[in-house]
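The values are calculated or read from the model by the stated rules, or taken from the named source; none is laboratory data. These figures come from a predicted structure and were not determined experimentally. Glycine also receives a Cβ, built like all others from the backbone with ideal geometry; neighbour counts cover every protein chain displayed.
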Amino acid sequence: MIEKKVILNNEVGLHARPAAVFVQTANKFISNIYIESGGTKVDGKSIIGVMSLGAFNGEEITLIAKGEDAKEAIEELAELIEHGLKDV
């Protein structure tokens, strides 16, 4: 299991389009992906789960991956959260 704390760096947080982009990216990996925020942990491959977090710009979230490609998943998803969702 690999965990990494990241700061949401887009205006609207993980809502609608940014959440969809995150879930699409997470589903490229075999590993189980989770996001934890404010004591709530959700399936990172579920659009409803990700949107239910209500995570906003500037909040710290924890990305968690368990599986054979966990390292690659965390690296790509962390990059997406920190830099790739600004224009979505």
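Do we have ALA78 as within 12 Å of LYS4 (Cα to Cα), in contact with a strand residue (DSSP E or B) (Cβ under 7 Å, 6 or more places away or on another chain), part of a strand (DSSP E or B) and modelled with pLDDT of 95 or more here? It is false that ALA78 is within 12 Å of LYS4 (Cα to Cα), in contact with a strand residue (DSSP E or B) (Cβ under 7 Å, 6 or more places away or on another chain), part of a strand (DSSP E or B) and modelled with pLDDT of 95 or more.
In region 1-19, what residues are at pLDDT 90 or above and in contact with a Phe, Trp or Tyr (Cβ under 8 Å, 6 or more places away or on another chain)? Spell out the reasoning first.
Looking only at region 1-19, we keep the residues that are at pLDDT 90 or above, and these are 1-8, 17-19.
Scanning region 1-19 gives a single hit, LEU8.
Across region 1-18, the number of residues qualifying as assigned to a loop (DSSP other than H, G, I, E, B), closer than 14 Å to GLU79 by Cβ and either in contact with a Cys (Cβ under 9 Å, 6 or more places away or on another chain) or of a type in the set (D, E, K, R) (or both) comes to 0.
Going by the structure shown, is ASN27 surrounded by fewer than 15 Cβ atoms within 10 Å (Cβ to Cβ), more than 18 Å from ILE7 (Cβ to Cβ) and of a type in the set (S, T, N, Q)? So ASN27 passes the test.
Scanning region 19-30 for residues that are in contact with a Lys or Arg (Cβ under 9 Å, 6 or more places away or on another chain) and either without any contact (Cβ under 8 Å) to a residue 24 or more places away in the chain or not in a loop (DSSP other than H, G, I, E, B) (or both) gives VAL23, ALA26, ASN27.
Scanning region 31-64 for residues that are in a strand (DSSP E or B), within 17 Å of VAL21 (Cβ to Cβ) and of a type in the set (A, V, I, L, M) gives ILE33, ILE35, VAL42, ILE61, LEU63.
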